[in-house]
Amino acid sequence: MPSSKDYMEMDDKYCAHNYHPIPVVISKAEGVWVYDPEGKKYLDCLSAYSALNMGHCHPEIIKALKEQADKVTLTSRAFYNDMMGPFLKKLCEVVGQHINDPNKSGIMALPMNSGTEAVSTGLKVARAWGYIKKKISKNEAKIIVCRDNFHGRSIAIVGFSTDIAAVRYYGNFGPYTPGFVIIPYGDAEKLENTILEIGAENVAAFLFEPIQGEAGIKIPPEGYLKKIREICTKYNVLMIADEIQTGFGRTGEFFGCDHEDVKPDVMLLGKALGGGVYPVSAVVTTRDIIGPDIITPGTHGSTFGGNPLASAVAMKSLDIHIDDHLAQRAKESGAYFLEGLRNIAAKKTIVPIKEVRGKGLLMAVEFESDARHIVEILKDNGVLAKHTHSKTIRFAPPLIITKEEIDWALSIIEKVFVVS
């Protein structure tokens, strides 16, 4: 059997170097634990960037996957299938309670696969709505986004990233798509001023993350979400929440916007929706925004979006998130884990710690200098986490993690972080 070293060398030889992984090979997983080919056990504190809320290989998810795989897996959208309708009905019923629908037009969804596809779809919907419903002059629609955002890496999305080195790649992916305006994150006053500077009649949408994940778990000031809701309503601008990482209980509420009881007009979903086994994403909004007078046949599509296998998995994922009260578990476990991290940060650490922050089980420790080597030491001691923007280590274990498992993780983190 090949060793971990063999597998890493194979990846380096045959895979484009678009990632710089932590040097560990995962060959088996269950719950919060993963194993390498040599049998070493690790606690997963990344959860595939929040795609594994219910842990690895959840038995109910695997059962749903296998049962559907024996029936039909893919039909394309050229035909109806017997799973997409029930899935979207359930999704709209669950998510619809969190969507702003002032005219009670009804909730609809557009199923895709990856998170990036959900964002791209949401942007197309926003522009179409802007021209058809808001009557913006053609090619004049603007979408406002936030500095330090991460919404994916498609050719359009990279153009409004402010990550010059990685996402924008020093201009090597240009020319960038026009129509996007970047403002500071967490500054509601700047949002309103920018709408007025552009001209409210030309602004279609404001795209934001309730908590910025890839930026290092950046939490906006209290009241920010309420203020941007008021501003978007005032100027008839679509409030689009990218809940791909924050959604389905990760932050201790079912959605990140729920922390301020705010309902966006459009919600972008992915990651945990696929139960950690299959890519499933969706745009969920109202009929007024995505109905048949806005999105017509042929204007958007995906061969795999809404396929029977994805639908079966996503329905079961929704059930587990709700029935197992994963948001409440994340709230309680996150508070306990975060307190432990802050207690560690109060001690003398091998690299000075600037800040510990988080909500639910989406947490970060920001250091004063580079932290990659610390992540690798954590790995050597059995805890898998990942740094972002060099100085910040994110901790986001599956929401099923127990107090005993958190205690074990904290003991390792303290051993690695604190000067002995």
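Out of the stretch 345-374, which residues are under 17 Å from H20 (Cβ atoms) and surrounded by fewer than 19 Cβ atoms within 10 Å (Cβ to Cβ)? Step through it out loud before you land on a result.
Residues of the stretch 345-374 that are under 17 Å from H20 (Cβ atoms), as a first pass: 370-374.
If the condition is that a residue be under 17 Å from H20 (Cβ atoms) and surrounded by fewer than 19 Cβ atoms within 10 Å (Cβ to Cβ), then D370, R372, H373 are the ones that fit.
Conditions tested, residue by residue: (1) of a type in the set (D, E, K, R); (2) on the phi < 0 side of the Ramachandran plot.
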position: I22; (1), (2): no, yes
position: G31; (1), (2): no, no
position: E38; (1), (2): yes, yes
position: L43; (1), (2): no, yes
position: L52; (1), (2): no, yes
position: I62; (1), (2): no, yes
Hey, could you check the stretch 47-81 for residues that are buried (at least 18 other Cβ atoms within 10 Å of the Cβ) and touching a strand residue (DSSP E or B) at 6+ places or on another chain (Cβ under 6 Å) and say which is farthest from I400 (Cα to Cα)?
-> H56
Hits in the stretch 57-75 (condition: closer than 17 Å to A272 by Cβ and touching a helix residue (DSSP H, G or I) at 6+ places or on another chain (Cβ under 8 Å)) = H58, E60, I61, A64, L65
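For the stretch 167-183, does any single residue satisfy the condition of being in the same structural domain as P264 (by TED's automatic domain parsing), touching a His at 6+ places or on another chain (Cβ under 8 Å) and farther than 29 Å from Y19 by Cβ?
no
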Name the residues in the stretch 314-372 that are under 21 Å from T402 (Cβ atoms) and in contact with an Asp or Glu (Cβ under 7 Å, 6 or more places away or on another chain), would you?
-> I320, A327, I344
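Per-residue answers, yes or no, for (1) outside the structural domain of A310 (by TED's automatic domain parsing); (2) more than 19 Å from R357 (Cβ to Cβ); (3) small (G, A, S); (4) surrounded by fewer than 24 Cβ atoms within 10 Å (Cβ to Cβ):
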| residue | (1), (2), (3), (4) |
| --- | --- |
| K234 | no, yes, no, yes |
| L238 | no, yes, no, no |
| A241 | no, yes, yes, no |
| I244 | no, yes, no, no |
| F254 | no, yes, no, yes |
| D261 | no, yes, no, yes |
| V266 | no, yes, no, no |
| K271 | no, yes, no, no |
Here the residues within the stretch 74-117 that are polar (S, T, N, Q) and in contact with an Asp or Glu (Cβ under 8 Å, 6 or more places away or on another chain) are N100, N103, S105
When restricted to E368, E355, the only residue free of Cβ contacts under 8 Å to residues at least 40 places away in the same chain and either touching a helix residue (DSSP H, G or I) at 6+ places or on another chain (Cβ under 9 Å) or among the basic types (K, R) (or both) is E355
From the option list A314, A330, A282, single residue qualifying as closer than 22 Å to F87 by Cα, crowded, with 24+ Cβ neighbours inside 10 Å, touching a Lys or Arg at 6+ places or on another chain (Cβ under 9 Å) and not polar (S, T, N, Q) is A314
Pairs, first more than 14 Å from Q245 (Cα to Cα) and in contact (Cβ under 8 Å) with a residue 24 or more places away in the chain in the stretch 274-288, second surrounded by fewer than 23 Cβ atoms within 10 Å (Cβ to Cβ) and not aliphatic (A, V, I, L, M), C-beta under 7 Å, six or more apart | V284/C92; T286/D101; T286/S105; T286/G106; R287/S105; R287/G106; D288/N103; D288/S105
Set I144, I132, I164: member being free of Cβ contacts under 8 Å to residues at least 24 places away in the same chain and aliphatic (A, V, I, L, M) | I164
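For the stretch 278-389, please list each of the strands (runs of 3 or more DSSP E) lying entirely inside it that holds at least 1 residues being over 20 Å from the mean Cα position of the chain (by Cα). Full working, then the answer.
Values: elements: 281-286, 353-359, 362-367, 386-388.
In the stretch 278-389, 281-286, 353-359, 362-367 are the strands (runs of 3 or more DSSP E) which contain 1 or more residues that are over 20 Å from the mean Cα position of the chain (by Cα).
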Which of the residues spanning the stretch 371-396 are touching a His at 6+ places or on another chain (Cβ under 7 Å) and in contact (Cβ under 8 Å) with a residue 24 or more places away in the chain?
-> V375, I393
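The values are calculated or read from the model by the stated rules, or taken from the named source; none is laboratory data. All of these numbers come straight from a predicted model, not from anything done at the bench. Methodologically, a virtual Cβ is constructed for each residue, glycine included, from the backbone with ideal geometry; neighbour enumeration extends over all protein chains shown.
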